[in-house]
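None of the figures in this text is laboratory data; all of them are computed from the coordinates on show. Everything numeric here is computed off the predicted structure, so don't read it as measured data. Ideal geometry is used to build each Cβ from the backbone, glycine not excepted, and the neighbour counts take in all protein chains shown.
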Amino acid sequence: MCPAHSCAVFLQLACCCGSAACSLCCGCCPKIKQSTSTRFMYALFFMLVTVTCVIMMSPTVETAMREHIPFFTEMCNKLNAGENCSTLVGYSAVYKVCFGMACFFFFFFVFTIHVRTSTGCRAAVHNGFWFFKFVALLACCAGGFFLPNQEKFLEVWRYVGAAGGFLFIIIQLMLLVQFAHRWNQNWSSGVKYNKIWYAALALVTLVLFSVAVGALVFMIVFYTDPEACFLNKLFLGVNGGLCLVVSLLAISPCIQTFQPTSGLLQSAIISVYVMYLTFSALASKPVEMVERNGKNVTVCVFPYKSGLQSDTNIVTGVGTVILFGCILYSCLLVVKKKYYSFLKRMIFLYFPEDYDDEKTAGGQNVKYDERDGTIYSYCYFHFVFFLGSLYVMMTVTNWFHYENAKIERLLEGSWSVFWIKMASCWVCLFLYMWTLVVPMLFPKRFQA
């Protein structure tokens, strides 16, 4: 074995069993920061458990495993997992697995409180020892199946999951509002150096508003009916009107006086997201039927189906991908050092420019960007993943309609999902509106 290869193997072992940063084996890969490597590994753990939960909620996968895995029934009997491993599938299994994942991240949330430097032992555990942490995660997830009084546990844990899921949604919406403001501030600052940024701002704003208006028209056409769907008409009017209000507020003189960088780009981003949430809410509402020509006709639904099961699977697959994307975005967009909540202060993220590189022989280079201190909050990072675990649990099991939940029916209607998504629209609009008016209400807090 060549020395370079031996060194690469040693460094990968140091990543798994020590505090060294993880990297890919290919040396041609771009450099990776230590902080990014750490977050990627935790996200990988999170996604592995999430995919496992999706499989547990899929009768299609369960049937395929039963048909294609040799001695499947015998294996289930030896594991005392019930007939066809019934205790390892369904909403109760997802609750137990997500309980283990939530405990894993909650432990690290408590463990990393007030960590300010990456040289301490707690930071070393956070940034390394991945093999042992993976074993610990598996033990936590498996431990959920051995809890006593499981009926009582599932009942209590359901409400804990709902509270955590709601809080995760709020954090997700706050991050979206921050993203909208930061995008506009960054592009507006580019105008000082190149006027072409004006054209870029105008073009993107126009495209986003066109998407928002097009989505509103689409929903009016397919999700309203002259004889039914009163709630659809009401909420389309309310949400469309609120988007117009925040857009006018963003460019009003009173707001511009205290926030010169406020503009239509932020409101366009918020409007598109609100229209997406509105569409998702209307698509999640139970179907309505009216009697026409002596027959009951389903109304206010988008006729995407052509009579094939593959259509439903495609739509469900797209919805699941969007779910994963939103969760990862919220979990990985962490609070950096010197970056406070936007509701308190509106400043840019701080990115240190000078890093020490370490060459990993035969593998990817790692930038140790935390030698002078942590650049993001470790405890907040784990807390968001803790809430994300609860959000996954509630979403995959269809919130309060868990008993008949299946991943193939992720997008089928239920009133609880409808109201959660509709409330998310209003919370998002309220948060954005608050960030517009708060500098006017408390000007001293935003003075340089």
In nm, what is the difference between 0.36 nm times the number of residues separating residue 52 and residue 136 and their Cα-Cα distance? 28.6 nm
So for R0 = 51 Å, FRET eff. of residue 196-residue 379 from the Cβ-Cβ r, to 0.05, ends up at 0.75
Label-point gap, in nm, between residue 152 and residue 234 - each point 7 angstrom along Cα→Cβ: 4.1
Using the per-residue mean of other Cβ atoms lying within 10 Å as a proxy for protection, in what order, highest first, do the peptides 106-115, 262-271, 177-186 fall? 262-271, 177-186, 106-115
Which entries of 33/133; 96/421; 285/421; 233/285; 96/285 show an alpha-carbon separation above 22 angstrom in the structure shown? 96/421; 96/285
Quote the FRET efficiency, to the nearest 0.05, computed for residue 245 versus residue 159 with a Förster distance R0 of 35 Å and r equal to the Cβ-Cβ distance. 0.50
Per-residue HN-Hα couplings for the stretch 176-193, Karplus 6.51 cos²θ - 1.76 cosθ + 1.60 at θ = phi - 60°, whole Hz, x for Gly and Pro? 5, 4, 4, 4, 4, 5, 5, 4, 5, 5, 5, 6, 5, 5, x, 5, 5, 9
